[in-house]
Amino acid sequence: MRSFNTDRPTKSNVPYTVDAGHFQYETDLVNFTHQVTGTTRTDTLLVPNPTFKVGVTNDADFEINVPIAGVRANGAATPANALWGIGDTFVRSKINLWGDDGGDTAAAIIPYIKAPSAPIGVGNGAVEGGLIGPVVFNLPDSFVLLLVPEIDVLKDSLNNGYHGNYVFDVNLSREVIKNVTAYVELWSDYNADPTAKATLMSFDTALAWVFLPKVQIDVGANFGLTGATPAVQIYAGLSQRF
């Protein structure tokens with residue numbers, strides 16, 4: 001089998017697939033996001049946030065993600081309002097283009113679609129989708145550089161039209177002690193909504209520990225760099241391959 005690889009802990013996605021006939025889960029045990037927009041404070045909690053993966057062929061897997069989500073908003077002129085429910089369902093397929101079994105570089109494409117399974121307020125009730133294209137470079141001194149471009153097709157906020165959303169993620173990682181990897185990441189997102197254009201950026205850090213050959217735990221924190229970006233996001237997660 002290949003080395004144990006996950007799309008956790010940061011926002012990035014790796015180009016490596018789950019071996020054919022094998023199963024893997026990756027989940028936030030807890031994921032808390034805090035955002036302030038004007039006088040409104042919004043806290044979002046995911047408990048849990050599992051992604052289930054199954055290897056279909058030697059270079060393709062099938063993935064599904066369905067979180068349990070809670071959103072609490074509190075404004076200066078409005079009382080606190082909390083919503084809980086199943087989040088939107090994300091269905092993906094990761095297709096490796098090269099490097100699944102080793103090499104200095106690897107790449108994949110990840111088409112996905114989002115089904116609106118969340119109640120309004122937790123989700124937006126729309127079918128959306130996109131394409132992710134991670135590329136990894138194994139650098140000298142055991143550093144790993146991961147570049148992750150993404151393009152999404154999202155519903156407009158004020159009508160039934162759709163617009164583009166453009167993401168780029170630069171991730172650098174290295175094993176710092178045996179089986180413990182540290183990550184730093186710069187993430188950006190430009191949402192071209194016709195009535196609510198926004199640029200999001202964050203600086204992200206994380207640690208992942210493979211404490212058993214096929215089991216990983218991780219912790220991380222993301223820090224917003226623009227006003228539209230959540231000020232802070234903290235999480236802890238667990239992954240396992242069978």
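Name the pairs: first residue in segment 149-175 and of a type in the set (A, V, I, L, M), second residue outside any strand (DSSP E or B), Cβ to Cβ under 7 Å, at least 6 apart or on different chains? So the pair list comes out as L158/T195; L172/F143. Quick check: anything in segment 98-106 farther than 22 Å from N191 by Cα and hydrophobic (A, V, I, L, M, F, W, C)? Within segment 98-106, one or more residues are farther than 22 Å from N191 by Cα and hydrophobic (A, V, I, L, M, F, W, C). Here T42 passes the criteria (1) at pLDDT below 90; (2) out of contact with any Lys or Arg (no Cβ under 8 Å at 6 or more places or on another chain) except the one numbered (2).
Please go through segment 1-27 and give me each residue that is of a type in the set (G, A, S) and either touching a helix residue (DSSP H, G or I) at 6+ places or on another chain (Cβ under 9 Å) or on the phi < 0 side of the Ramachandran plot (or both), ordered by number.
The initial filter retains those residues of segment 1-27 that are of a type in the set (G, A, S), namely 3, 12, 20-21.
Once the filter is applied, which keeps residues that are of a type in the set (G, A, S) and either touching a helix residue (DSSP H, G or I) at 6+ places or on another chain (Cβ under 9 Å) or on the phi < 0 side of the Ramachandran plot (or both), segment 1-27 yields S3, S12, A20.
Restricting segment 167-182 to residues that are of a type outside the set (S, T, N, Q), assigned to a strand (DSSP E or B) and more than 14 Å from the chain's Cα centre (by Cα), the residue that is nearest to Q216 (Cα to Cα) is V180. Against the list (1) more than 17 Å from the chain's Cα centre (by Cα); (2) among the small types (G, A, S); (3) within 23 Å of Y112 (Cα to Cα), the condition S188 fails is (1). Please go through segment 210-236 and give me each residue that is in contact with a His (Cβ under 8 Å, 6 or more places away or on another chain) and part of a loop (DSSP other than H, G, I, E, B), ordered by number. Within segment 210-236, P230, A231 qualify. Only one of the listed residues (R72, R2) is within 18 Å of D101 (Cβ to Cβ) and surrounded by fewer than 18 Cβ atoms within 10 Å (Cβ to Cβ). That residue is R2.
For (1) more than 23 Å from Y112 (Cα to Cα); (2) in a strand (DSSP E or B), each residue gets a yes or a no:
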site: R8; (1), (2): no, no
site: K11; (1), (2): no, no
site: D28; (1), (2): no, yes
site: H34; (1), (2): yes, yes
site: D43; (1), (2): yes, yes
site: V56; (1), (2): no, yes
site: V71; (1), (2): yes, yes
site: N74; (1), (2): yes, yes
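The values are calculated or read from the model by the stated rules, or taken from the named source; none is laboratory data. All of these numbers come straight from a predicted model, not from anything done at the bench. Cβ: placed from backbone, ideal geometry, glycine included. Neighbour counts: every protein chain shown.
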